[in-house]
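Below: one structure, written as structure tokens.
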Amino acid sequence: MSNPVLVEVTRGALVESRHRGAVAVVDAEGKMVLGIGDVERPVFPRSAVKTMQALPLIESGAADAFGFGNAELSLACASHSGEAEHVALAASMLNRAGRDADVLECGCHWPFDQHVLIDLAKSGKAPTVLHNNCSGKHAGFVATSVHAGIPTEGYVTYDHPIQREIRGVMEALTGTALEMDRCGTDGCAIPTYAVPLDRLADGFSRMVTGRGLEAERAKAARRLFDACMAEPFYMSGSKRACMHLMQAAPGRIFAKTGAEGVFCAVLPEKGLGIALKCDDGGTRASEAMIAGLLARLMGSDDPAYAALDALANKTLRNWNGTEVGQIRVTDALTQ
């Protein structure tokens, strides 16, 4: 089936570009209360499931053993911008586990934040693995391995105990068998698994409500969500969509982006788990989709509605500051 157009980009009075996508929302009882498009097609959620991947960090006892608080747990779930605070905290997490940056196997790239990138380049320095947007997640993997007495070498590989544990966690939460035919390699070198959107949404609903989970896992999942909502900068970065979405309703929205146009989110007070995918992988569209969807689910009388609606529908301006068009969500998403 062809997914509907959920975001339009206009120029003047005409639609210049269209973005199709699919959306799944599952409630506290496990019922899909909203399904748009093909929600049964497996998609790679990429970084949108970092809270699932971080569960062993808490469940193993490593987070408490190394004194990780909200900021560290948020960074363990982050696709951060490589700002100074992110780099320093990732290094601190490793140091508390008795390791340094040399142990990280995520590779390095220039910081996402343009100002940080320019300052780093002007200084004549090159980025390190700590600037990788996934360095906090990988620091969590290393800490979990160290605490469990598992060798850290090769912790990104499919058969490493840490990745086997994460695979089991994701299978249990989503009810999906994650065999090799569903496995790819993520940008930070760990395995990534294709899961249908409705199963992802159900997994996030279970995490935020504790439905069907053992008490310790339910507690760990809620602890991660609470940490990210308390410290959204460490899970995201300055002027990033995830931070803006969570700041629109502090403590009431968790939202996490993933590469190629994926978002997963929860509304704790409503017990809702959310997963969406922009077909063409466009970030501008997926960010509009999640903001428009959250506005719809929160309701027009909610204090956060105006801020969310503004994130969903943006004015486009040229280099002179003249209004030239809009990015806007369609009725297929909002009504």
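The values are calculated or read from the model by the stated rules, or taken from the named source; none is laboratory data. Keep in mind it's a predicted model, so treat the numbers as computed, not measured. Quick reminder, even Gly has a Cβ in these numbers, built from the backbone with ideal geometry, and neighbours come from all protein chains shown. For the accessible areas, the whole protein counts, side chains as well, though only heavy atoms, and no ligand, DNA or RNA atoms are used. Shrake-Rupley method; radii C 1.70, N 1.55, O 1.52, S 1.80 Å.
With N residues in the stretch 128-187, what two-decimal value do you get for its Cα radius of gyration over 2.2 N^0.38 Å?
1.20
Round to the nearest 10 and give me the degree value, 0 to 90, for the angle of helix 197-209's Cα axis relative to the longest principal axis of the chain.
The angle comes out near 60 degrees.
Within 10 Å, at most 13 other Cβ atoms, and a DSSP state outside H, G, I, E, B define an exposed site. Report the longest part of the chain free of exposed GluC sites (Glu not before Pro).
It runs 215-335.
What stretch of the chain, leaving out the sites themselves, is the longest with no trypsin sites (Lys or Arg not before Pro) in a DSSP loop having at most 14 other Cβ atoms within 10 Å?
Here the longest segment lacking exposed loop sites spans 126-238.
What length, rounded to one decimal in nm, is gained on full extension from Ala65 through to Asp100, with 0.36 nm per residue of separation minus their alpha-carbon distance?
Gain on extension, Ala65 to Asp100, equals 10.9 nm.
Check the cysteines of the chain one by one and keep only those with no other cysteine Cβ under 4.7 Å from their own.
Cys77, Cys108, Cys183, Cys228, Cys242, Cys264, Cys278
Could you pull out every residue, at least 5 positions away or on a different chain, whose amide H is within less than 5 Å of the one on Gly82? Hs are placed 1.01 Å off N in the peptide plane, and Pro or chain starts have none.
Amide H to amide H, under 5 Å and 5 or more residues apart or across chains, Gly82 pairs with Phe112.
Just going by the charge dipole of the stretch 5-333, with Lys and Arg at +1 and Asp and Glu at -1 on Cβ, which of Gly273, Gly184, Leu333 is farthest out on the positive end?
It is Leu333.
Over the C-alpha atoms of the stretch 68-165, what are the Rg and the largest Cα-to-Cα span, Dmax, in Å?
Rg then Dmax for the stretch 68-165, in Å: 13.5, 42.
Which value, to two decimals, describes the C-alpha radius of gyration of the stretch 224-335 once divided by 2.2 N^0.38 Å?
Against the empirical 2.2 N^0.38 Å value, I get 1.05 for the stretch 224-335.
To the nearest 10 square angstrom, how much accessible area does Ser238 have with a 1.4 angstrom probe?
40
Ordering Met180, Met52 from largest to smallest accessible area (1.4 angstrom probe), what's the sequence?
Final ranking, largest accessible area leading: Met180, Met52.
Take the Cα coordinates of the stretch 209-259, assign each an equal point scatterer, and use the Debye formula without solvent to give log10 I(q)/I(0) at q = 0.19, 0.21, 0.31 Å⁻¹.
Relative scattering, expressed as log10 I(q)/I(0), comes to -0.63, -0.72, -1.10.
Put Cys77, Cys108 in order of accessible area, largest first, 1.4 Å probe: what do you get?
Cys108, Cys77
In nm, to one decimal, how far is the modelled label at Arg164 from the one at Ala84, with both set 7 Å along Cα→Cβ?
It works out to 4.4 nm between the two label points.
Please compute the Kirkwood hydrodynamic radius over the stretch 1-142, one decimal place, Å, based on all pairs of different Cα atoms.
17.9
Give me the percent relative contact order of the chain, please, defined on Cα pairs under 8 angstrom at least 6 residues apart.
Reported as a whole number, the value is 24 percent.
How would Val87, Val25 rank on accessible area, largest to smallest, probe 1.4 Å?
Val87, Val25
Binning at 10 angstrom from zero up to the longest distance, how are the C-alpha pair distances of the chain distributed in percent?
P(r) for the chain, in whole percents per bin: 6, 27, 35, 23, 8, 1, 0.
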